[in-house]
Amino acid sequence: MRRILIVEDAEEQLQWYESLVEGAFQYFLAKTPDEAKHLLDTEAIELLLTDIHLTQDSTLSSFEGFDIIQYAKENHPEVLVIAMSADPKITTYRRAHELGADHWLKKPVIELQELQIAIDAAKSNQYLKRLKRSNSLKPDTNYNHICEDGLVISDEVRRYVRGVAKSRTIPCVIYGETGTGKEEVAKLIHKRRTETEGTLPFMAVNCANLNSDMAASILFGHRKGAFTGAEKTTNGMIGEADRGILFLDEIHRLDEECQSRLLRVLNDGTYQRLGDTKTLHSSFQVIAASSKDLDDAVIDGEFLMDLRSRLTGVDIHLLALRDRPDDFDPLIKLFFARENIKVSEPEMDRIISRCKSYYWQGNIRQLFNVLKSFATMCILNEEPLEADKLPEYKTMLAPGQGAQKSREKNWQRPMKESLEELEKQILIKALASCKSKSEANQILKMNRSTFDSRLSKYGLD
Ligand SMILES: Nc1ncnc2c1ncn2[C@@H]1O[C@H](COP(=O)(O)OP(=O)(O)OP(=O)(O)O)[C@@H](O)[C@H]1O
């Protein structure tokens, strides 16, 4: 049964509300702001119904209901707040709304049904406020002539996405190197769900960016005053994701305490915010992403076995860009279409084939960044976009390949320079391997004065 707190200073009206809600709610009654605040702090209230004009005591201001609304929203943001007033002025209701009231009721309230309608409206409003804070809604531009949903994804991944979205609850782990589109796939699952269920929150957290002091507070919220700087009580990402999707990027980087708390909320839907004993509820679909196999993370002692089991559902593996050569064509065309840049067909083909020759350590994100830099430089210099102007960064090459490439280019200089470089490297190795210069000199069988002059020339003496 839902727990309601009714705040009303007039005794008769309080009795009336009591008779109205009896049997339908577990109720608590308060006549003054102090009583109301105390009950809010101690009784895990879910719904607050407060009069705005609390005037029984002539020393009190007539608008103390505002104070209670503000207190509830700052300290117990999960509580649904309905403001009541017989005041016909719209400004009164607007102020209540600005302070965070989720809905209002015009007094007198005659029937329980009126309250129930107001509760439904308040719930929708609270949910809409959460949606506005959620970070999934981005303008949907149509690039269907290149790829569906503006994403270049294999049919297999699209099938998994549809399945995960349809189930609404099954957990999903997306694997892939950085920049392969893990978050984009998570957002696509969200998009598919909204198509059938209407808008729902999508909260994304990168666990690698959470420092361990803040991780629990960001995920599970905190109570006002729980630590220095905690000025407001917060819901945390877990609370904000209620009825929607929580995307946990780099989940294997979550600290152990957060892993245990996460396991609990995934098991029974309950959690506590930092510094609070109140039990809160949140029910969401979890989508995790990881660049490390979670089973390996369990074996390496970095990830809780139980949490790994709880996350067992659908695993989606995204290939590195270099292993999806056919995707360069649509990805590069998508990039230029989005940027509204026209490129001739033969030049486009050259750009695509040049891009295919790289390794792309940063995958699609890096490809787009390099294309952006390339296009910007050409436009600024008023030059046509030509494939041979594509910049080349070391991270576009395979790890270690950068050094090798520069060695390969080493011959393109005067022979004397190359021979001197070689001579210097041999002398360095000889000095490092021998106990003395004399020993190095003997092994190299050089004239001693030539040997000494070379050491001096290369700064090795
Ligand atoms: N399949 C795709 N089609 C089109 N663009 C994509 C695709 N995947 C990724 N991108 C682009 O690459 C960028 C990076 O993608 P995303 O952030 O989803 O990668 P990630 O795998 O989550 O990276 P990280 O592990 O570093 O968080 C996106 O902003 C998007 O522009």
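The values are calculated or read from the model by the stated rules, or taken from the named source; none is laboratory data. Bear in mind the structure is a predicted one, so any value in this text is a computation, not a measurement. Cβ placement follows ideal geometry from the backbone for every residue including glycine, while neighbour counts extend to all protein chains displayed.
Go through the range 351-390 residue by residue and tally those that are closer than 18 Å to residue 331 by Cα and either assigned to a loop (DSSP other than H, G, I, E, B) or in contact with a helix residue (DSSP H, G or I) (Cβ under 6 Å, 6 or more places away or on another chain) (or both).
19
Which of the residues spanning the range 335-347 are within 13 Å of residue 374 (Cα to Cα) and assigned to a helix (DSSP H, G or I)?
Answer for the range 335-347, where residues must be within 13 Å of residue 374 (Cα to Cα) and assigned to a helix (DSSP H, G or I): 335, 336.
Let's see how each residue does on (1) in the same structural domain as residue 175 (by TED's automatic domain parsing); (2) farther than 27 Å from residue 192 by Cβ; (3) not basic (Lys, Arg):
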{"site": "214", "(1), (2), (3)": "yes, yes, yes"}
{"site": "217", "(1), (2), (3)": "yes, yes, yes"}
{"site": "231", "(1), (2), (3)": "yes, yes, yes"}
{"site": "272", "(1), (2), (3)": "yes, yes, yes"}
{"site": "280", "(1), (2), (3)": "yes, yes, yes"}
{"site": "291", "(1), (2), (3)": "yes, no, yes"}
{"site": "328", "(1), (2), (3)": "no, no, yes"}
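Which condition does residue 292 not pass, out of (1) within 30 Å of residue 161 (Cβ to Cβ); (2) part of a helix (DSSP H, G or I); (3) not β-branched (Val, Ile, Thr), if it passes all the others?
(2)
If I go through the range 211-251 residue by residue, how many of them are within 16 Å of the ligand (Cβ to nearest atom) and among the aromatic types (Phe, Trp, Tyr)?
Adding up the residues that qualify gives 1.
Only one of these conditions is not met by residue 50: (1) among the β-branched types (Val, Ile, Thr); (2) farther than 24 Å from residue 274 by Cβ; (3) surrounded by fewer than 19 Cβ atoms within 10 Å (Cβ to Cβ). Which number is it?
Of (1) among the β-branched types (Val, Ile, Thr); (2) farther than 24 Å from residue 274 by Cβ; (3) surrounded by fewer than 19 Cβ atoms within 10 Å (Cβ to Cβ), only one is false for residue 50: (3).
Using the structure shown, decide if residue 332 is touching a Cys at 6+ places or on another chain (Cβ under 7 Å), in a strand (DSSP E or B) and of a type outside the set (Gly, Ala, Ser).
no
Can you tell me which residues in the range 429-452 are surrounded by 13 or more Cβ atoms within 10 Å (Cβ to Cβ) and part of a helix (DSSP H, G or I)?
Once the filter is applied, which keeps residues that are surrounded by 13 or more Cβ atoms within 10 Å (Cβ to Cβ) and part of a helix (DSSP H, G or I), the range 429-452 yields 430, 431, 437, 439, 440, 441, 442, 444, 451, 452.
Spot the failing condition for residue 90; the list is (1) at pLDDT below 85; (2) surrounded by 14 or more Cβ atoms within 10 Å (Cβ to Cβ), and only one is missed.
The one condition residue 90 does not meet is (2).
Which residues, taken from the range 268-295, are among the small types (Gly, Ala, Ser), surrounded by fewer than 17 Cβ atoms within 10 Å (Cβ to Cβ) and away from the ligand (no atom under 16 Å from the Cβ)?
Passing the criteria: 269, 275, 283.
Of all residues in the range 367-403 being among the β-branched types (Val, Ile, Thr) and away from the ligand (no atom under 16 Å from the Cβ), which is farthest from residue 342 (Cα to Cα)? Give the derivation first.
Our first condition is that a residue be among the β-branched types (Val, Ile, Thr); within the range 367-403, this holds for 370, 376, 379, 395.
Now drop any that are not away from the ligand (no atom under 16 Å from the Cβ), which leaves 376, 379.
Details: 376: 13, 379: 12 Å.
In this case the residue turns out to be 376.
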